[in-house]
Amino acid sequence: MEFTDLQVQRYSRHIILPEVGGKGQKKLLAAKVLIVGAGGLGCPVGYYLSAAGVGTIGIVDDDVVEVSNLQRQIAHSTGTIGMPKVESAKKTFEALNPDVNVIAMKGRLNKDNITDVLKDYDIVIDGSDNFPTRYLVNDACVFMRKPLVSGAILRFEGQVTTIIPHEGHCYRCLFEAPPPPGLVPSCQEAGVLGVLPGVIGALEATEALKLILGRGEPLKNTLLIYDALTTSFRKVKVPRNPDCPVCGQNPTITELADYDAGYCQR
Amino acid sequence: MGEEQKMQEEEKPVRKLDIKGLVCPYTFVKAKLAMEDMEVGEVLEIVLDYPEAVNNIPKSMQDHGQKVLKVDKTGDKEWVIVVRKEKD
């Protein structure tokens, strides 16, 4: 494909970069990324991937926009309160960049539908707010060998890691099983600084762009921890666990399961 | 083939790019996109009329590892830059 004059202008700052260039920009336009969650993380992730010209962005979420979301979920607005988050986000992303095809999926991923959703995408980005989805997405990505960029936030602290299944660690190498319901508070219970998902979401989007471009070093075998209060970034090494229940040598988890029981759904 | 003739052969542009009317950074962006479509060793001739780009394009091309063969003023407000692709 050839760039139009408008595309040359829109992506000029990418094209100038030796690590991107016209070839890299074409890779971005051809890429298909799935974002799980259209909340605090999903909004900045989708916003920046749209700006970058990632050609196909799938986004899945079952929620509707509420006024309490707007302190951090920047793709939504006062005018879209009550609208499904995926529709609100699609509107915002496509207004930013008409080159992007946003596929809005209102619903919740579960063991029965996740394979069908993931199969059309090159990279998955987790911006979910709950453990059942987080583990389900990890396991599905391991089974389907899809690169997964995982992010999480609470209060003033966030984490990012990039999972290249069977090459580096997976989420269960890091935390083998979800914590018991109620042990880890949700953002709803514990609060979150509004800008925090912006920082972590931008890091997740950066990881995805690097994977698409094949440039730099992703956060493979590494967990990045950001503390907003002290403005510190810490990298923790996460080796692959040979006894990992899903990606280890003798996996005990060989099919997808839902962990919904007892977890707060929001 | 004489030395001089051989030199001329090596510097013979396979592609000409007219970017008159364009301003920075699109001058370089267009030139870079044209280079990306060429093979290593091939030569690009760029015709331009934006004075700033006469300095900027050769500098950026060198930064990107390409070889600037010549910069000529060919008119009152027209320049020709010839670049050989050294690097993909």
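The fraction of accessible area contributed by carbon and sulfur in the stretch B:3-84 is 45 percent, rounded to a whole number (1.4 Å probe; ligands and nucleic acids excluded). Among the listed pairs A:LYS91/A:LYS111; A:LYS26/B:LYS73; A:LYS23/A:LYS91; A:LYS32/A:LYS220; A:LYS27/A:LYS111; B:LYS30/B:LYS67, those with a Cα-Cα distance over 26 Å are A:LYS91/A:LYS111; A:LYS26/B:LYS73; A:LYS23/A:LYS91; A:LYS27/A:LYS111. Starting from the Cα gyration tensor of chain B, take the square roots of the eigenvalues, sort them a ≥ b ≥ c, and report rounded, prolate or oblate (rounded when a/c is under 1.5, otherwise prolate if a/b is larger than b/c, else oblate). It comes out oblate by the Cα gyration axes.
Computed log10 I(q)/I(0) for the protein assembly as shown at 0.07, 0.10 Å⁻¹: -0.39, -0.69, from the Debye equation with unit scatterers placed on every C-alpha and solvent omitted.
Please give the FRET efficiency for B:VAL14 paired with A:ALA257, using the beta carbon to beta carbon distance and R0 = 35 Å, rounded to the nearest 0.05. Efficiency computed from Cβ-Cβ geometry: 0.05.
Given a Förster distance of 25 Å, report the FRET efficiency between B:VAL68 and A:LEU6 from their Cβ-Cβ distance, rounded to the nearest 0.05. It comes to 0.30. Using the 1.4 Å probe convention, the accessible area of the stretch A:7-237 works out to 41 Å² per residue with neighbouring protein chains retained.
Were the residues from A:ASP120 through A:ALA177 laid out at 0.36 nm apart, the gain over their Cα-Cα distance would be 17.8 nm. Given contacts defined as C-alpha pairs under 8 Å and at least six residues apart, what's the relative contact order of chain A, whole-number percent? It comes to 19 percent, rounded to a whole number. Total buried accessible area between A and B, probe 1.4 Å, nearest 100: 1000 Å².
The Cβ shell under 11 Å around A:PRO147 holds other residues with a net charge of +1, Lys and Arg each +1, Asp and Glu each -1. Between the Cα long axis of helix B:51-63 and the first principal axis of chain B there is an angle of about 50°, rounded to the nearest 10. Distances between placed amide hydrogens fall under 5 Å for A:ILE103 paired with A:ILE57, A:GLY58, A:ILE59, all partners being 5 or more residues away or on another chain. If you restrict to DSSP beta bridges whose two residues both lie in the protein assembly as shown, what percentage is antiparallel, to the nearest 5? Beta bridges within the protein assembly as shown, antiparallel portion: roughly 60 percent.
Equivalent-ellipsoid semi-axes for the stretch A:1-95 (Cα gyration tensor, √(5λ), whole Å, largest first): 29, 12, 11.
Of all DSSP-defined beta bridges confined to the stretch B:3-84, some 75% are antiparallel rather than parallel. Charged side chains reduced to their Cβ positions (Lys and Arg at +1, Asp and Glu at -1) give the protein assembly as shown a dipole of some 360 debye around its Cα centre. Per-residue ellipticity at 222 nm, computed for chain A from helices alone with -39500 (n - 2.57) per DSSP H run of at least four residues, works out to -9500 deg cm²/dmol. Rolling a 1.4 Å probe over the protein heavy atoms gives chain B an accessible area of 58 Å² per residue.
Model label sites at B:GLU86 and A:ASP227, defined 7 Å from Cα along the beta-carbon direction, differ in position by 4.8 nm. Membrane-span-like helices in chain A (whole DSSP H runs, Cα extent of at least 24 Å along the helix axis, mean Kyte-Doolittle hydropathy of at least 1.0): A:196-213.
The values are calculated or read from the model by the stated rules, or taken from the named source; none is laboratory data. Bear in mind that the values here come from a model prediction, so they are computed numbers and not experimental data. Neighbour counts run over all protein chains shown; Cβ positions are idealised from the backbone, glycine included. For accessibility, only protein heavy atoms count, side chains too; no ligands or nucleic acids. Shrake-Rupley method; radii C 1.70, N 1.55, O 1.52, S 1.80 Å.
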